[in-house]
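Notes follow once the structure below has been shown.
The values are calculated or read from the model by the stated rules, or taken from the named source; none is laboratory data. Computed from a prediction, not measured in an experiment: that's the story for all the values here. Methodologically, a virtual Cβ is constructed for each residue, glycine included, from the backbone with ideal geometry; neighbour enumeration extends over all protein chains shown. Heads up: the accessible areas ignore ligands, DNA and RNA and are worked out on the full protein's heavy atoms, side chains in. Shrake-Rupley method; radii C 1.70, N 1.55, O 1.52, S 1.80 Å.
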Amino acid sequence: QVQLVESGGGLVQAGGSLRLSCAASGRTFSIYIMGWFRQAPGKEREFLTAIRLSSGLTSYADSVKGRFTISRDNANNTVYLQINSLKPDDTAVYYCGAATGPGAEYDTWGQGTRVTVSS
């Protein structure tokens, strides 16, 4: 099985930056894609960005293009999310997820890390 642990969240003023981490352990060799999601109070979980671990190919939701950057460190089984120019609307719990094969659904989730952006 795969376990995911997010870290790096906190309280930040609008305009600031954060770097979130998602560390994978267990059967990491089975992971094909890792992605970042967030869930704000009263809203459904939304997709932000994803990366294919083998090739480094990335994708981004339109809402975060230009401000969010996903990267990977395969040697340490870790994926990062760099968030710049934070806005109050970015306030949410941020989750990482993993899919274990091409076209597979995200089947493993971390516990989440909370990001709060003040104005």
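Please go through region 80-92 and pick out each residue that is surrounded by 15 or more Cβ atoms within 10 Å (Cβ to Cβ) and touching a residue at least 60 places away in the same chain (Cβ under 8 Å).
Across region 80-92, the qualifying residues are TYR80, LEU81, ILE83, LEU86.
Within region 6-34, can you find the residues that are part of a strand (DSSP E or B), of a type in the set (Ser, Thr, Tyr) and farther than 13 Å from TYR94 by Cα?
SER25, the sole residue that qualifies.
Could you look through region 100-119, keep only residues that are assigned to a strand (DSSP E or B) and closer than 17 Å to VAL5 by Cβ, and pick out the one that is most open to solvent (accessible area, probe 1.4 Å)?
So, considering only residues that are assigned to a strand (DSSP E or B) and closer than 17 Å to VAL5 by Cβ, the one most open to solvent (accessible area, probe 1.4 Å) is ARG114.
Got at least one residue in region 71-79 being open to solvent by 20 Å² or more (accessible area, probe 1.4 Å) and under 12 Å from the mean Cα position of the chain (by Cα)?
Yes: one or more hits.
Just the residues that are within 27 Å of GLN13 (Cβ to Cβ) and either open to solvent by 80 Å² or more (accessible area, probe 1.4 Å) or in a strand (DSSP E or B) (or both), please, taken from region 45-65.
Taking region 45-65 first, the residues within 27 Å of GLN13 (Cβ to Cβ) are 45-49, 60-65.
The answer is ARG45, GLU46, PHE47, LEU48, THR49, TYR60, ASP62, LYS65.
Can we say PHE37 is open to solvent by 80 Å² or more (accessible area, probe 1.4 Å) and either part of a strand (DSSP E or B) or farther than 24 Å from ASP90 by Cα (or both)?
No; evaluated as a whole, the condition is false for this residue.
Just checking, how many residues over region 8-34 are among the hydroxyl-bearing types (Ser, Thr, Tyr), exposed (fewer than 14 other Cβ atoms within 10 Å of the Cβ) and touching a Ser or Thr at 6+ places or on another chain (Cβ under 6 Å)? Lay out the reasoning, then the answer.
Taking region 8-34 first, the residues among the hydroxyl-bearing types (Ser, Thr, Tyr) are 17, 21, 25, 28, 30, 32.
Now drop any that are not exposed (fewer than 14 other Cβ atoms within 10 Å of the Cβ), which leaves 17, 25.
Applying the additional criterion that residues be touching a Ser or Thr at 6+ places or on another chain (Cβ under 6 Å) yields none.
Total meeting the criteria: 0.
Out of all the residues in region 68-87, which are of a type in the set (A, V, I, L, M) and either part of a strand (DSSP E or B) or under 17 Å from THR113 (Cβ atoms) (or both)? Lay out the reasoning, then the answer.
In the first step, residues of region 68-87 are kept if they are of a type in the set (A, V, I, L, M); the result is 70, 75, 79, 81, 83, 86.
Selection gives ILE70, VAL79, LEU81, ILE83, LEU86.
Output the qualifying pairs, or none if there are none: Cβ atoms under 6 angstrom, residues six or more apart or on different chains, first residue in region 42-53 and under 12 Å from CYS96 (Cβ atoms), second residue in a loop (DSSP other than H, G, I, E, B).
Correct list of pairs: PHE47/ALA61; LEU48/ALA61.
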